[in-house]
Amino acid sequence: MWPAGPMLGRFLTGKAELNPTDATTAARRSRVPAEAGNATGGCFASTLETGEGYRAPAVTAVPCRVPDARAAIGRSYPRTGIWCELRGALARNTHTGAQTIMAITDTVNLEINSSTQKVCMCAERTGLPPLLIVQAGPGLPLLHEMRKFQRRLQLEKDFLVSYWEQRGCGNASQQDAKSVSLLQQIDDLCAILRWLHHETKHTVIVFGISLGATIALRAAENEPDKVKSVIAISPDANTAGSDASVYSFLQDQSVLLRGSRLSGRVKKLGMPPYTDSTAFQGRASLLADLGTIEQGKNFNAILRETLFAMIRTYGLFGTAKALRNMSLIQRQLLPELVSIDLFANPPRLAVPVHYVFGEKDALTPSAIVKRLPAVTEAPACTAILVPKAGHMVHFDQPEIVRSIAVSA
């Protein structure tokens, strides 16, 4: 599971009564009712097979109706489709410095299973096939990382990219944060897939990260006709095995760095499982400082980057709500996540699956890297172990991950 959310733990007070006012100015909104409308054996490969990515025709205006998902879309004039309102935005290429102008729709608010959730859809032009980002967790928001995704991966050149803010994440209500469970997240993702499929009239590439990848695999099992393929970045496959691997890794590092402050932090952490936020956050900071989350970034660097991005996206009060929600969601989910075991109940999908692992990721031991693709049932199943990459493979080696998405 991705520990970036817990990396903000030092800023989490755990005070449930925190209830700041959202400073965002509300635009005029009209409520639009909406309704969305066998696998073979797995395999393991060191590299991905390449293929041509398809291009969907331009999206036409459709009356969007999706069960369990009512869209409330901010518009100053009547809506005629997801491309009805375009606005310019700039994304700078991390490597070349070049700027890209994108056509971006406004954020869509969806009522999903009695909770309000946001989806922001972005693309350089109309007519591109849909790709859905399913963020890591537990409790980590996504919208503040949109610019980072756009700078590094530039998926909007080839896809209509949908950034889904999951239940209770970001500046959502406290009630939504308290209603999170693993099964609920899977149900929510199924509803999102139905809505996006009906909205675009095309099957969706699901791009899941860490816990988000695990959720994506389960949702794709339930909605095979809505999904084109699944890209699973560092999925949470077996919590017990991952915890044991991390514990062994930290013990080895403690011996190597005997007498250092890190050695004392490892001793203080104790043995897994880590079902409370304090221990979970402590382990997250250790892994970040040892370079296994994002290469070249320690805990403080990731923390600063995340906080600045959240304040820019949600404002000060919205960021306070997002931090509160992370704490609440961790409290709800951490005990439940201990039981994750994709080996006991392997993914069985009717669509291709592409696993992506980081060579430097302590959370994903080599046994999981080799075994998970082998037990996965899918028409095609590939796996790649990316060098010089930690848990956030897509940020460490964006060109490789982008090529996987384009050919998925």
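FYI, it's all coordinate maths here, none of it is from the lab. In this text the structure is predicted, and so the values were computed from the model without any measurement. Ideal geometry is used to build each Cβ from the backbone, glycine not excepted, and the neighbour counts take in all protein chains shown.
Restricted to region 348-360, and to residues that are of a type in the set (A, V, I, L, M, F, W, C) and part of a loop (DSSP other than H, G, I, E, B), which residue is surrounded by the most Cβ atoms within 10 Å (Cβ to Cβ)? I'd like the intermediate steps shown before the answer.
Here is the first cut: in region 348-360, the ones of a type in the set (A, V, I, L, M, F, W, C) are 349-351, 353, 356-357.
Remaining after also requiring part of a loop (DSSP other than H, G, I, E, B): 349-351.
Numbers: LEU349: 25, ALA350: 16, VAL351: 23.
For region 348-360, the residue satisfying everything is LEU349.
Looking only at region 122-178, which residues are of a type in the set (Gly, Ala, Ser), buried (at least 24 other Cβ atoms within 10 Å of the Cβ) and farther than 21 Å from LEU334 by Cβ?
Passing the criteria: ALA123, SER162.
Picking from LEU307, LEU363, which residue would you name as being among the hydrophobic types (A, V, I, L, M, F, W, C) and outside any helix (DSSP H, G or I)?
Only one candidate passes the filter, namely LEU363.
In region 275-303, which residues are surrounded by fewer than 17 Cβ atoms within 10 Å (Cβ to Cβ) and either in contact with a strand residue (DSSP E or B) (Cβ under 6 Å, 6 or more places away or on another chain) or outside any loop (DSSP other than H, G, I, E, B) (or both)?
Hits for region 275-303 are THR278, ASN300, ALA301.
I'd like the full set of residues that are part of a helix (DSSP H, G or I) and either loosely packed, with under 14 Cβ neighbours inside 10 Å or within 17 Å of the chain's Cα centre (by Cα) (or both), limited to region 335-346.
Answer for region 335-346, where residues must be part of a helix (DSSP H, G or I) and either loosely packed, with under 14 Cβ neighbours inside 10 Å or within 17 Å of the chain's Cα centre (by Cα) (or both): PRO335, LEU337.
Could you tell me which residue of region 361-379 is farthest from ASP243 (Cα to Cα), considering only residues that are surrounded by fewer than 17 Cβ atoms within 10 Å (Cβ to Cβ) and not polar (S, T, N, Q)?
PRO379
Of all residues in region 201-214, how many are surrounded by fewer than 24 Cβ atoms within 10 Å (Cβ to Cβ) and either closer than 12 Å to GLN166 by Cβ or among the β-branched types (Val, Ile, Thr) (or both)? Show your work before the answer.
Within region 201-214, the subset surrounded by fewer than 24 Cβ atoms within 10 Å (Cβ to Cβ) is 201-203.
Subset that is either closer than 12 Å to GLN166 by Cβ or among the β-branched types (Val, Ile, Thr) (or both): 203.
Adding up the residues that qualify gives 1.
Which count do you get for residues in region 304-346 that are farther than 23 Å from HIS391 by Cα and either hydroxyl-bearing (Ser, Thr, Tyr) or touching a strand residue (DSSP E or B) at 6+ places or on another chain (Cβ under 8 Å) (or both)?
3
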